[in-house]
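What follows is a single structure, written as structure tokens, with notes after it.
The values are calculated or read from the model by the stated rules, or taken from the named source; none is laboratory data. These numbers were taken from a predicted model, which means no experiment stands behind them. A quick note on method: Cβ atoms are made from the backbone with ideal geometry, for glycine too, and the neighbour counts reach across all protein chains shown. Accessible surface areas use protein heavy atoms only, side chains included; no ligands, DNA or RNA. Shrake-Rupley method; radii C 1.70, N 1.55, O 1.52, S 1.80 Å.
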Amino acid sequence: MELAIRGMIFLAGIILIVKGGDWFVDAASWIAEVSGIPRLIVGATIVSLATTLPELLVSVMAASQGRAAMAVGNAVGSVTANLGLIMAISIVCMPVRIYRGDYLTKSALMLAAAGLLAWGGGRGGVGPALSLPLAGIFALFTYDNLRGARRAMHCGGDLGPVRAAPRKRAVLFQCLKFSLGAAAVMLGADLLVDSGSALARLAGISERIIGVTIVAVGTSLPELVTTVTAIVKKQSALSVGNILGANILDLTLILPLSALVSGQTLPVSAASARIDMPACLLVGVIAVVPAMATARFRRWQGVALLAVYGGYMLVTCGA
């Protein structure tokens with residue numbers, strides 16, 4: 001009975017995170033746009049950060065409660081799920097030709113961050129020596145986004161419609177939506193961490209496995225929704241770009257902040273260093289290196305990513 005109740009609480013946490021994140025992103029975008037910030041800048045900064053909010057809060061809360069295995073597992077597992085499952089589905093359903101210039105920098109930054117974490121994990125943890133270069137990658141990613149947005153603006157890109165001064169009722173509604181969304185994500189993250197740990201204890205499995213499987217996939221649901229929508233609208237490139245950006249934020253922002261909140265070097269278990277981080281780097285290489293060489297995401301990449309992710313899940317659950 002307790003297992004069923006904890007499972008329902010866990011599901012409620014996921015629902016709160018997904019729906020709260022949706023409200024938060026919508027309201028943040030509206031508030032930014034009516035304040036005069038161009039839509040391109042909003043998309044490059046606020047929305048990118050907001051879609052990573054579930055992973056960020058879950059890992060930071062887990063770290064603050066001393067659950068380092070779940071904090072690390074969620075951050076790294078979310079990247080592996082984004083690439084090995086969600087991006088793979090997008091590529092299998094709709095291979096796409098790309099312009100290298102749009103993806104090269106993000107791909108390089110993502111692989112650099114994954115490589116740094118694999119190296120740091122082998123040395124036992126995420127501390128200041130690793131957090132500083134990760135923060136540098138985050139700064140480069142933010143600068144690249146802003147530079148790209150400004151370039152698009154100068155080339156006549158979409159700045160968004162000119163809005164009339166918003167009514168007071170609309171402002172109050174969006175502020176309420178923003179606050180409720182943020183509160184729902186925070187509550188959902190808290191429920192997810194607590195119930196996830198309880199499920200791990202009741203089922204006799206480690207918090208790391210819960211973190212890299214159920215929690216990681218659950219907090220990646222916003223990216224999954226974006227991918228499905230992009231496939232329906234035949235915009236596979238949009239899905240891939242969103243996933244790459246989310247992964248860079250997962251790798252460069254979440255773990256350093258989690259280490260900062262915990263007040264010490266964030267320990268990385270031997271299993272995570274041996275299995276999770278190399279798997280994250282491997283799916284990253286499969287996802288972007290062939291595409292950067294041929295200027296095309298091909299269906300075989302998606303199949304290979306799904307195969308690697310399936311094998312990773314088997315090894316993880318059997319470890």
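Excluding residues fewer than 8 places away in the same chain, name every one of the aspartates and glutamates whose C-alpha is closer than 19 Å to that of residue 106.
Cα-Cα hits under 19 Å: 144, 223, 250.
Consider a paramagnetic label point 7 Å from the Cα of residue 12 along Cα→Cβ; state which residues of segment 182-205 have an amide N under 17 Å from it.
183-199
Roughly how big is the chain's charge dipole about its Cα centre, with Cβ charges of +1 (Lys, Arg) and -1 (Asp, Glu), in debye to the nearest 20? It would help to have the intermediate numbers written out before the result.
Numbers: 24 positive and 14 negative charges, 168 e Å.
The calculation lands at about 800 debye.
For segment 236-319, go through all pairs of different Cα atoms, get the mean of 1/r, take its inverse, and jot down that Kirkwood value in Å.
On the way: mean 1/r = 0.0679 Å⁻¹.
Kirkwood radius, segment 236-319: 14.7 Å.
Counting only protein heavy atoms and a 1.4 Å probe, tell me what percentage of the chain's accessible area is made up of carbon and sulfur.
Details: 9820 of 14190 Å².
Using a 1.4 Å probe with all protein chains present, the chain comes out at 69 percent carbon and sulfur.
Run lengths n ≥ 4 of DSSP H only: what is the helix-derived mean residue ellipticity at 222 nm for the chain, with -39500 (n - 2.57) per run over all residues, to the nearest 500? Kindly include the intermediate steps, with their values, before the conclusion.
On the way: 15 runs with 235 residues, N = 319.
Helices in the chain give a 222 nm mean residue ellipticity of -24500 deg cm²/dmol.
Please compute, for the alpha-carbon atoms of the chain, the extent along each of the three principal axes and give them in descending order in Å.
57, 49, 39
Please report how far the C-alpha centroid of segment 278-319 lies from that of segment 129-148, rounded to the nearest whole angstrom.
24 Å
In Å², and per residue, what accessible area does the chain have when probed at 1.4 Å with the other protein chains present?
Values: 14190 Å² over 319 residues.
Spelled out: the 1.4 Å probe surface of the chain, per residue, equals 44 Å².
Can you work out D for segment 163-319 in µm² s⁻¹ from Stokes-Einstein, where Rh is the Kirkwood radius over C-alpha pairs, the temperature is 25 °C and the viscosity is 0.890 mPa s?
Values: Rh = 18.7 Å.
The estimated diffusion coefficient comes to 132 µm²/s.
Test of understanding: in a Gaussian network model of the chain with alpha carbons linked when under 10 Å, which of 80, 265, 52 would top the mean-square fluctuation ranking?
265
Pick out, from 110, 246, 31, the residue whose Cα sits farthest towards the positive end of the charge dipole of the chain, with +1 on the Cβ of Lys and Arg and -1 on the Cβ of Asp and Glu.
After comparing all options, I get 31.
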